[in-house]
Amino acid sequence: MSDKTIVIVGQPNSGKSTVFNVLSDIKKSKIAISGSAGIINSSVININANSYNLINLPSTYSLNPNDKSEQITVDYLMNSPVDLVVNVINSSLLTRGLELTIELIELGLPVIVVLNMFDEAESKGISIDLKKLEEKLNVPIVPTRAKYGKGVKELSDACYKHLEYEHKPASTFHYTHHIEKHIQDLENALKPLLEGKNYSRRFASIKLIENPTLIEKDIRNKTEELSNKICKDLLEEHKLDCFETVSYERHHYAMKISEDVLRYREKRKRTLDEKVDDYLLHPVFGHFFLTIFFVLYFFLIFIIGNGLADLVEPLLEDLAILLAPVRDYNEFLWFTLNGAYLGFSGILGIILPYFLPLVFLTALFEETGYLARTAFLMDGIFHKIGLHGKSVVSFVLGFGCSVPAVYSTRMIENKRDRTIAAILIPFVPCSARIAVIFALTAAFASPIWALIIFAFVLLIIAINGKVLSKLLSKPIGLVLEIPKLKVPSLKYSFQKTWLRILDFTKDALVFLVLGSMVLGWIEYFEVSYYINLAFEPIVSYLLGLPNELGSTLVFGFFRKELILVMANQAMGVDSLSKLPLTLNQVITFIVFVTLYFPCFTTFVVIMKEFGKKVVLFSAILSLIVAILSALLFRFGIEMLLI
Amino acid sequence: MGRKLRIPLFIYYKNKLIKMSLSEAPVEVRLTIKEINSGQEAKRKLSSLGIHKDDVVIKHNDSKWGPVILENLTVQSNKLAIGRELAKKIVVENER
Ligand SMILES: Nc1nc2c(ncn2[C@@H]2O[C@H](COP(=O)(O)OP(=O)(O)OP(=O)(O)O)[C@@H](O)[C@H]2O)c(=O)[nH]1
Ligand SMILES: [Mg+2]
């Protein structure tokens with residue numbers, strides 16, 4: 001059965017994901033979560049016993065894509081079967097939203113406009129004449145407050161009606177006379193060429209003037225002469241380049257419509273969040289607050305993580321006692337079971353305690369809109385190391401996991417900036433490595449060491465960024481929207497945390513338990529001797545660590561958090577604090593492990609996104625950096641202690 | 001003929017109009033965007049975030065370093081941060 005497809009399209013922060021979530025809740029349905037920026041979420045929804053595919057496309061400001069994730073949306077709309085476009089607009093930013101709506105209507109697909117965040121528009125003193133707007137656009141308009149689940153029923157009814165019954169065509173937006181003439185000419189020329197295309201002839205004609213690269217090459221070639229002539233005309237007669245002419249007109253069209261439908265109730269006072277924002281963006285207080293914020297952020301994770309770890313530890317110890325008698329019964333079975341147990345306790349006792357607060361706090365943090373402010377504050381500093389302020393967002397996500405962080409570089413428009421960010425991201429300690437750092441420093445030293453290592457890693461990133469940006473050409477610079485500050489929703493953050501933890505444990509559990517079992521066998525068959533021998537030059541000569549840790553590095557390539565479990569396993573102890581290592585050795589080990597290689601998944605993702613050359617470069621660079629840094633700490637600490 | 005120019009709401013009465021780059025423009029006054037002399041890529045980005053020629057904007061921060069914070073009065077918008085280098089390429093006009 002071929003279900004019809006509904007896609008959600010909207011500008012960033014318009015509430016698309018919220019609409020998506022509440023819509024797919026109408027009757028319990030499965031959501032395919034892939035969790036990170038740029039990945040398309042889809043689900044099935046039922047309305048009046050009909051089922052439809054619902055797809056949430058990546059946010060885009062317009063149909064002239066500026067970056068990779070916007071490109072995905074535009075490609076999808078132009079080339080995949082779509083039966084209905086649900087265009088989500090932030091009502092308090094109506095005019096800008098309408099520019100995208102006009103483009104979507106030009107595209108020629110059926111459109112429903114969702115005026116989301118209606119409450120926010122109201123609190124800003126803006127009221128919208130829905131009837132008039134509907135007349136202007138000739139598409140259904142549904143006001144919603146998706147965050148509170150309001151208007152969702154009306155929306156799904158409207159979708160149903162629009163999909164299953166006849167509806168009148170949407171308005172056509174006429175450009176000024178001279179452009180309109182050119183559009184008509186192109187439309188005529190395109191008449192025989194657009195067989196079987198998703199998009200309308202009008203859309204193709206407009207884009208051939210405004211942004212020709214969007215249209216397939218063979219069509220573009222056939223109309224090249226005409227569109228070149230049009231651009232020449234526009235430039236000579238009106239002194240305007242083609243792109244500006246069309247986008248300017250659309251901008252004014254949107255403005256005209258919103259002037260007709262908007263009413264401002266009163267001259268609004270500055271709201272509290274705007275006053276707070278002044279301080280957050282202030283050149284002095286802003287940075288001050290930022291520092292405090294991040295120190296607090298990591299401190300909280302440390303405290304909560306420690307607490308949780310203490311809580312589960314006794315339980316795990318009880319479990320170990322239960323397992324002990326097996327050893328007398330069958331050695332091989334015991335090594336297998338004990339391996340599995342160590343993997344399991346590694347997740348429950350070491351990783352999850354730190355992962356949980358990290359993911360939750362990051363979810364809260366993302367919700368507030370403070371991320372954009374961080375990017376703003378850091379842009380000046382980041383520029384000094386040759387980076388884009390926007391990459392801050394990727395770096396912050398990198399503290400969670402490098403994989404979504406690498407994906408999130410898609411919102412950086414420029415290839416150079418993207419590549420630099422992607423090469424640097426693996427240096428940012430992800431939650432797995434933070435777990436390693438915290439757990440080992442907690443067992444051997446004080447949190448001060450964790451801070452020192454963090455500071456050092458930041459320094460490494462800065463130096464690498466500086467060098468890389470010297471090697472590559474110049475960036476275009478930051479253009480970033482600073483969304484309104486929001487009180488984060490606890491429910492949404494819990495939901496997000498739950499999904500991420502689920503996502504994480506799903507493969508981590510299998511991986512860690514199996515991995516530890518394999519390591520148990522390695523121990524049983526005494527293979528680790530050879531692995532350790534292979535790593536001896538680096539592990540013992542360069543870094544001055546016990547040989548046995550060599551095999552942990554292999555597993556660390558798959559998942560960094562495995563290193564902890566494996567370290568216990570390899571050295572034959574049952575808790576970290578019993579590891580026979582000196583402070584110096586622990587710190588050297590941590591530094592090396594933090595930097596030595598992106599994990600396997602990150603490796604694959606970087607390869608997919610950027611190609612072999614970049615990923616190889618990144619791998620070799622990180623190995624060199626790791627060795628040098630570990631040496632620095634090894635001898636640095638020695639000298640300090642003398 | 002052709003493009004419909006929107007006259008910004010403030011009155012030009014007896015005032016001189018001064019052109020300058022956005023990065024050196026004064027804060028908290030109404031500025032009209034006159035030219036965007038950046039590359040094509042940045043132009044597109046600005047346009048999709050709602051910044052066009054003839055828009056009336058207000059600059060909100062006075063630091064000499066880091067991005068400029070901009071608010072567009074012509075359309076309702078959130079604040080925008082625009083990198084210093086790019087801000088130098090945007091020409092604005094104000095009344096004095
Ligand atoms: N006041 C209010 N807030 C809302 C409403 N709908 C969503 N939000 C909030 O707006 C913020 C952004 O919502 P998302 O659903 O993440 O927006 P999005 O369009 O998916 O954003 P991106 O995917 O990041 O571009 C969240 O903090 C929501 O809780 C609403 O109707 N009213
Ligand atoms: Mg979203």
Handout entry: Dipole-positive endmost among A:89, A:252, A:595 within the protein assembly as shown (Cβ charges, Cα centre)
Key = A:252
Handout entry: Extreme residue, positive dipole direction of the protein assembly as shown, given options A:567, B:70, A:615 (C-beta unit charges)
Key = B:70
Fill in the blank from the handout: Of the DSSP H helices in chain A, the ones reaching 27 Å or more along their long axis in Cα terms and averaging at least 1.6 in Kyte-Doolittle hydropathy are A:285-323, A:447-471, A:612-641
Exercise for the section: Averaging sequence separations of C-alpha pairs under 8 Å and six or more residues apart, then dividing by the length of chain A, give the relative contact order as a whole percent. Expected result: 11 percent
Practice task
Can you pull the one-decimal nm distance between simple spin-label points at residue A:131 and residue A:486, each 7 Å off the Cα toward Cβ?
Solution key: 3.2 nm
Fill in the blank from the handout: Cross-link reach from residue A:484 to lysines, straight Cα distance under 18 Å and at least 8 residues apart if same chain, gives A:16, A:124, A:147, A:269, A:275, A:390, B:59, B:79
Exercise for the section: Using Cα positions and a limit of under 22 Å, work out the lysines in reach of residue A:217, with same-chain residues fewer than 8 apart set aside. Expected result: A:68, A:191, A:197, A:207, A:229, A:232
Exercise for the section: Go through region B:33-93 and name the trypsin sites (Lys or Arg not before Pro) that are in a DSSP coil and have 13 or fewer other Cβ atoms within 10 Å of their Cβ. Expected result: B:64
Exercise for the section: Kindly state, to the nearest 0.05, the FRET efficiency for residue A:232 paired with residue A:600, given R0 = 56 Å and r defined as their beta-carbon distance. Expected result: 0.55
Problem - For region A:253-294, the Rg and Dmax computed from alpha carbons only, in angstrom - result: 17.2, 46
Fill in the blank from the handout: Kirkwood radius from Cα pairs of region A:301-509 plugged into Stokes-Einstein at 37 °C, 0.692 mPa s, gives D in µm²/s equal to 171 µm²/s
Completion exercise
Only helices counted: for chain A, with every DSSP H run of 4 or more residues adding -39500 (n - 2.57) and the sum spread over all residues, [θ] at 222 nm is -20500 deg cm²/dmol
Practice task
Please compute the net charge surrounding residue A:464, taking Lys and Arg as +1 and Asp and Glu as -1 over other residues with Cβ under 15 Å from its Cβ.
Solution key: +3
Exercise for the section: For region A:5-164, count the residues as N, evaluate 2.2 N^0.38 Å, and divide the Cα radius of gyration by that value, please. Expected result: 0.96
Fill in the blank from the handout: Here, residue A:521 and residue B:63, labelled 7 Å along Cα→Cβ, have an inter-label distance in nm of 5.7 nm
Practice task
At q = 0.14 Å⁻¹, work out log10 I(q)/I(0) for region A:473-596 with the Debye formula, treating every Cα as an identical point scatterer and leaving solvent out; two decimals please.
Solution key: -0.73
Completion exercise
Taking a crude spin-label model, label points 7 Å out from Cα along the C-beta direction, the residue A:616 to residue A:259 distance in nm is 6.0 nm
Exercise for the section: Find out how many positive minus negative residues lie around residue A:436, taking Lys and Arg as positive, Asp and Glu as negative, among other residues whose Cβ is under 9 Å from that of residue A:436. Expected result: +1
Problem - residue A:188/residue A:48 FRET efficiency (R0 30 Å; Cβ-Cβ; nearest 0.05) - result: 0.10
Completion exercise
About its Cα centre, chain A carries a charge dipole, from +1 on Lys and Arg Cβ atoms and -1 on Asp and Glu Cβ atoms, whose size in debye to the nearest 20 is 960 debye
Practice task
With both partners inside region A:5-164, how many of the DSSP beta bridges are antiparallel, as a percent to the nearest 5?
Solution key: 35 percent
Exercise for the section: Run the numbers on region A:532-642 and let me know its relative contact order in percent, using alpha-carbon pairs under 8 Å that are six or more apart. Expected result: 27 percent
Fill in the blank from the handout: Here the Cα Rg-to-2.2 N^0.38 Å ratio for chain A is 1.10
Completion exercise
Using alpha carbon positions and the Kirkwood radius, the Rg to Rh ratio of region A:101-184 is 1.05
Exercise for the section: Would you work out the relative contact order for region A:177-264, in percent, from Cα pairs under 8 angstrom that are 6 or more residues apart? Expected result: 24 percent
Completion exercise
Taking a ≥ b ≥ c as the square roots of the Cα gyration tensor eigenvalues, with a/c under 1.5 meaning rounded and otherwise prolate when a/b beats b/c or oblate if not, region A:177-264 comes out oblate
Fill in the blank from the handout: Under the rule rounded for a/c under 1.5, else prolate if a/b exceeds b/c, else oblate, using alpha carbon gyration tensor axes a ≥ b ≥ c, region A:577-636 is classed as oblate
Problem - Summed side-chain charge close to residue A:520 - residues other than residue A:520 whose Cβ falls under 14 Å, Lys, Arg +1, Asp, Glu -1 - result: -3
Exercise for the section: Mind pulling the per residue volume of the convex hull built on the Cα atoms of region B:11-94? Å³ is fine. Expected result: 83 Å³
Handout entry: Proximal aspartates and glutamates to residue A:256, defined as alpha-carbon separation beneath 19 angstrom and excluding residues fewer than eight positions away on the same chain
Key = A:99, A:103, A:106, A:129, A:134, A:135, A:180, A:244, B:54, B:55
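Read-outs throughout are calculated quantities, based only on the coordinates presented, and are distinct from any laboratory measurement. As the structure is a computational prediction, the values presented were derived from the model and not from experiment. No Cβ is skipped: glycine too gets one built from the backbone with ideal geometry, and neighbour counts run over all protein chains shown.
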